[in-house]
Amino acid sequence: MPDRFDLPAGFRWGVATAAYQIEGAVDEDGRGPSIWDTFTARPGAVRDGHTGAVACDHYHRWPEDIALMRGLGLDGYRFSIAWPRVQPTGAGPVNPAGLAFYDRLVDALLGVGITPLPTLFHWDLPQALEDAGGWLNRGTAYRFAEYAALVADRLGDRVPAWITLNEPFVHTVYGYAMGIHAPGRALMLDALPVAHHQLLAHGLAASLLHERGLDVLISNNLTPVEPASPSPADLAAADAYDTLHNRLFTDPLLLGRYPDLSAFGTGPDLHGAVRPGDLDLITATPLTGLGVNYYNPTRIAAPTAPGLPFDLLDIPDVPHTAFGWPVVPDGLRNLLTGLRDRYGTALPPVTITENGCSTTEDVDDTFRIDYLSAHLDALATAVAEGVDVRGYYTWSLIDNFEWAEGLFGQRFGLVHVDFATQRRTPKASYAWYRDLIAVHRARCAKEGSVTSP
Ligand code: IFM
């Protein structure tokens, strides 16, 4: 069986974070309010009333965090840019102090040999845009493209590749359908236009990035779906869930059409959101890469109550993370080979833009090391089976603000953060990841020197 050391030469190693989860400094240097500032102020919305107002104080402590990344020997760092820092109301001219923060960050990363991989939207929509309808408003897609161009004009001379959106599935479902993330709208299936407007935003921004000679990716949370049994009812339910979680976003991006959404009570116009020509805009710029965020597979059964066309089940008899997510490393291999089988030559090279696990306060951090090593071995197997995967960014560099779960319960970091003192302490998985990267590189260099003339 191939293992992580068999990943190809040139494979890129990284870590990932997101602005609202680490930066803090929500009132500094002209940043405008985001939907997460509003949502976290809502009583009961976030565990223990936590907010991202300080989070990891990365806005001030970024040199220390870059030193931690340098210690890992990374190739790349995936972070997100806070739209409300750059355009406080989501429209109009740049806030120079906000953009300057990312300018300094990019230069400092490049100074230590780490390639920046920014995500333009990781859920922190400017509140002013939400007040105008948020992602239910088609105009937000056009505002996003303007923002993307402003940022690319400033950083594109040093940043070669860009991720437009992070996990539009999660933002649509948690933020607008169920209301457990910002902006806290519980619209259920009436949230479907949010999916289309995000894809439109991706397409519009991708063209502008491409015009500037930049590479474009999009990251979504994908899950292999397993039916609870081979019964026709469970198979149909699994197919419906797969359509919603995976194909709703990936089919338009790669095939230029929406999947059959009749199980969700809509045709291919997503409740009238899709206008003629939109799918051409979404696919106008071929993706340089598909960002895949993988955490766990999903087991699905036929619904036991009216409403949605599926029930979600737990996967028993496997370890579970602190979040209760089942740990199934081979799910990553299934997901990747499944993408290859479904999309064939339409599938661009894949980058794993998130993978990791939450624990509570760690002692020896063995759980995380086991999780990461098993997932990387599964990834190497998928690569050996022919899937083109170019890199792996583990979630996350440091413990951070885990959305509705707040600060303390779900720790995803290679580095522990004491949120009272902001002291960073590398965990055992930090040393493990550092050593893995070094050994993999050394092996590739040695093999290269044997085979080169
Ligand atoms: O913390 C999140 C991240 O913001 C998006 N992907 C999943 C992670 C863990 O829940």
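Roughly to the nearest percent, how much of the accessible area of the stretch 19-136 is carbon and sulfur, given a 1.4 Å probe?
For the stretch 19-136, the apolar C and S fraction of the accessible surface comes to 55 percent.
Cα-based Rg of the stretch 125-241 per 2.2 N^0.38 Å, rounded to two decimals?
Here the answer is 1.26, to two decimals.
Applying the Karplus parametrisation 6.51 cos²θ - 1.76 cosθ + 1.60 with θ = phi - 60° to the phi angles of the stretch 432-445, what ³J(HN,Hα) value in whole Hz is obtained for each residue in order, glycine and proline being reported as x?
So the Karplus estimates, Gly and Pro as x, are 4, 5, 4, 5, 4, 4, 5, 5, 4, 4, 5, 5, 5, 5 Hz.
Can you give the helix-only mean residue ellipticity at 222 nm for the chain, where every DSSP H stretch with n ≥ 4 adds -39500 (n - 2.57) and the sum goes over all residues, rounded to the nearest 500 deg cm²/dmol?
Value at 222 nm, helices only: -11500 deg cm²/dmol.
So how much slack lies between HIS60 and CYS444, counting 0.36 nm per residue of separation and subtracting their Cα-Cα distance, in nm?
The span from HIS60 to CYS444 would gain 134.6 nm if fully extended.
Loop by DSSP (not H, G, I, E, B), at most 15 other beta-carbon atoms within 10 Å: where is the longest site-free stretch of the chain for GluC sites (Glu not before Pro)?
Counting only loop sites that pass the neighbour cut-off, the longest clear stretch is 29-360.
Remind me, what semi-axes does the stretch 216-316 give for its equivalent ellipsoid, largest first in whole Å, using sqrt of 5 times each Cα gyration tensor eigenvalue?
Sorted largest first and rounded, they come to 27, 18, 9 Å.
Just to verify a number: what accessible area does ARG61 come out at with the full protein assembly present, 1.4 Å probe, Å² rounded to tens?
Using a 1.4 Å probe on the heavy atoms, I get roughly 80 Å².
Provide the packing ranking of 48-59, 91-102, 160-171, i.e. peptides ordered by the mean count of other C-beta atoms within 10 Å per residue, highest first.
160-171, 48-59, 91-102
Output the Cα-based Rg and Dmax of the stretch 10-158 in Å, rounding Rg to one decimal and Dmax to a whole number.
Values for the stretch 10-158 (Cα only, Rg and Dmax): 15.5, 48 Å.
For the stretch 235-282, what does the alpha-carbon gyration tensor say about shape, rounded, prolate or oblate, given a ≥ b ≥ c as the root eigenvalues, a/c under 1.5 as rounded, and a/b over b/c as prolate?
oblate
Would you work out the relative contact order for the stretch 96-201, in percent, from Cα pairs under 8 angstrom that are 6 or more residues apart?
Rounded, it is 29 percent for the stretch 96-201.
What is the ratio of the Cα radius of gyration of the stretch 334-436 to 2.2 N^0.38 Å, where N is its residue count, to two decimals? Intermediate values should be presented prior to the final figure.
On the way: Rg = 15.9 Å, N = 103, 2.2 N^0.38 = 12.8 Å.
Taking the Cα Rg and dividing by 2.2 N^0.38 Å, one obtains 1.24.
Over the stretch 357-436, what relative contact order in percent results from Cα pairs under 8 Å that are six or more residues apart? Show your work: numbers first, answer last.
On the way: 85 pairs, mean separation 26.4, N = 80.
Over the stretch 357-436, the number comes to 33 percent.
Can you tally the net charge around ILE114? Count Lys and Arg as +1, Asp and Glu as -1, for every other residue whose Cβ sits under 13 Å from the Cβ of ILE114.
Within the 13 Å Cβ shell, the charges total +1.
Using Cα pairs under 8 angstrom and six or more residues apart, how large is the relative contact order of the chain, in percent?
19 percent
Report the Cα centroid-to-centroid distance between the stretch 332-375 and the stretch 394-453 in angstrom, as an integer.
14 Å
Could you work out the pair-distance distribution P(r) of the stretch 42-111 from its alpha-carbon pairs, with 10 angstrom bin width and percents rounded to whole numbers?
Calculated over all Cα pairs of the stretch 42-111, the distribution is 16, 39, 31, 13, 0 percent.
Roughly how many whole Å is it from the C-alpha centroid of the stretch 181-230 to that of the stretch 38-54?
Each part reduced to its Cα centre gives a spacing of 25 Å.
If you add up the charges near PRO426, with Lys and Arg at +1 and Asp and Glu at -1, over every other residue whose beta carbon is less than 10 angstrom from its beta carbon, what do you get?
Residues near PRO426 contribute +2 overall.
Does the stretch 150-190 come out rounded, prolate or oblate by the C-alpha gyration tensor, with a ≥ b ≥ c the root eigenvalues, rounded set by a/c under 1.5 and, if not, prolate when a/b is larger than b/c and oblate if not?
Details: a/c = 4.51, a/b = 3.43, b/c = 1.31.
Here the stretch 150-190 falls in the prolate category.
Suppose accessible area is computed on protein heavy atoms with a 1.4 Å probe; arrange LEU204, LEU136 from highest to lowest.
Putting LEU204, LEU136 in descending order of accessible area: LEU136, LEU204.
May I ask you to compute the full-extension gain from LEU189 to ALA100, defined as 0.36 nm times their residue separation minus their alpha-carbon distance, rounded to one decimal in nm?
28.1 nm
Ranking request for peptides 184-192, 305-313: highest mean number of other beta-carbon atoms within 10 Å first, then the rest in descending order. Show your work: numbers first, answer last.
Values: 184-192: 17.9, 305-313: 14.1.
So the order, starting with the most tightly packed, is 184-192, 305-313.
Just for the Cα atoms in the stretch 73-167, what are the lengths along the principal axes, largest first, rounded to whole Å?
Computed over the stretch 73-167, the largest-to-smallest principal extents equal 43, 28, 17 Å.
Once the mean 1/r over all distinct Cα pairs of the stretch 257-330 is inverted, what Kirkwood radius in angstroms do you read off?
16.1 Å
Could you quote the convex hull projected area for the chain, Cα atoms only and averaged over all directions, in nm²?
21.3 nm²
The values are calculated or read from the model by the stated rules, or taken from the named source; none is laboratory data. As the structure is a prediction and not an experimental result, all values here were calculated from the model. In this analysis, Cβ positions are derived from the backbone assuming ideal geometry, glycine residues included, and neighbour counts consider all displayed protein chains. Heads up: the accessible areas ignore ligands, DNA and RNA and are worked out on the full protein's heavy atoms, side chains in. Shrake-Rupley method; radii C 1.70, N 1.55, O 1.52, S 1.80 Å.
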